[in-house]
1. Whole-Hz ³J(HN,Hα) for each residue in region 23-34, computed from phi via Karplus 6.51 cos²θ - 1.76 cosθ + 1.60 with θ = phi - 60°, x for glycine and proline: what do you get?
2. Note down the nm distance, to one decimal, between modelled labels 7 Å out along Cα→Cβ at Glu158 and at Thr30.
3. Could you identify which residue out of Pro57, Pro94, Pro138 has the top mean-square fluctuation in a GNM of the chain using Cα springs shorter than 10 Å?
4. Just subtract the alpha-carbon distance of Leu96 and Leu240 from 0.36 nm times their residue separation and send over the number in nm, one decimal.
5. Return one whole number: the accessible area per residue of the chain in Å², for a 1.4 Å probe.
6. According to the Kirkwood expression over distinct Cα-Cα pairs, how big is the hydrodynamic radius of the chain, in Å?
7. What residues qualify as long-range amide H neighbours of Val217, i.e. H under 5 Å apart, gap of 5 or more or another chain, H built at 1.01 Å from N?
8. So how do 59-65, 169-175 stack up, highest first, on mean other-Cβ count within 10 Å?
Amino acid sequence: MKRPMLEIAGLFKAFGENAILNGINLKVPTGELVFVIGPSGSGKSTMLRCCNRLEEPTSGAILIEGTDICGLGVDINAMRRKVGMVFQSFNLYPHLNVRSNVSLALRKVLKLPRAEADERSMAALDLVGLAQRADFFPSQISGGQQQRVAIARALALEPKVMLFDEPTSALDPELVGSVLAVMRDLKASGMTMLVVSHEMGFAREAADRVIFMDGGVIVEEGAPEAVFGAPKHERTQAFLSRVR
Ligand code: ADP
Ligand code: MG
């Protein structure tokens, strides 16, 4: 196997006395999409949040292209830019238009001049099919479009890896498809992705691998057809029978 773009090695995370992640090991090769399922509270979000240091691991390593982003002397901001994250709630600034929502980090974090930041923002908005909505405010576009702006905002920083934490869970059903379509395009463009979602249809079609988490460990992993079609572990079977 080629060197993974993202590697989670021996990841443990506790909040006080509560052990939430109990030894996660996962390698995501460049351009692969790993789809994460598991019951509520199994540690999926915590795992993703450790991958861009929104949470500090208790122990273990997160490597991007072989560099431990938790290592001493690592520039947190530089490493964090390599890992884009999209949440269930899009958290756009209501008082900024779509273009400014995307360009804000480019100007404040990357210190790009306004013209260059705007240009890069428009390119990112084009990728998610929203260049024509650049002058709209978040309240003037649909939830699906808002989530695509949030994706553009992450992409504008040119990350190496994109993490998605239930990106369509807050959307009305008819708006889910447009967000999944953007994610499909992103995968086709070669992006490395870790996706927590309940959209099993999307997983079957776009995921290279599915992992099932429970109790802070990876219980089972395999190709989508294998995990969904013939889950080996009892806990995976029980979970899948509950969600469909
Ligand atoms: P999932 O995304 O699979 O539903 P989470 O990673 O959100 O699971 O949460 C796993 C467990 O960790 C839950 O029991 C949750 O209450 C706990 N947890 C998450 N974040 C914190 C925190 N900041 N402080 C304390 N407990 C937390
Ligand atoms: Mg979660």
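1. For region 23-34, the Karplus-derived couplings read x, 9, 10, 8, 10, 10, x, 3, x, 8, 10, 9 Hz, x marking Gly and Pro.
2. 1.5 nm
3. The residue that fluctuates most here is Pro94.
4. Contour length minus Cα-Cα distance gives 47.7 nm.
5. Result: 46 Å² per residue.
6. In the chain this quantity evaluates to 18.5 Å.
7. Placed amide hydrogens put Asn22 under 5 Å from Val217.
8. Ranked from most to least packed, the peptides come out as 59-65, 169-175.
The values are calculated or read from the model by the stated rules, or taken from the named source; none is laboratory data. Since this is a predicted model, take the numbers as computed values, not measurements. Please note: Cβ atoms are built from the backbone with ideal geometry, for glycine as well, and neighbour counts cover all protein chains shown. Only protein heavy atoms, including side chains, enter the accessible area calculation; ligands, DNA and RNA are left aside. Shrake-Rupley method; radii C 1.70, N 1.55, O 1.52, S 1.80 Å.
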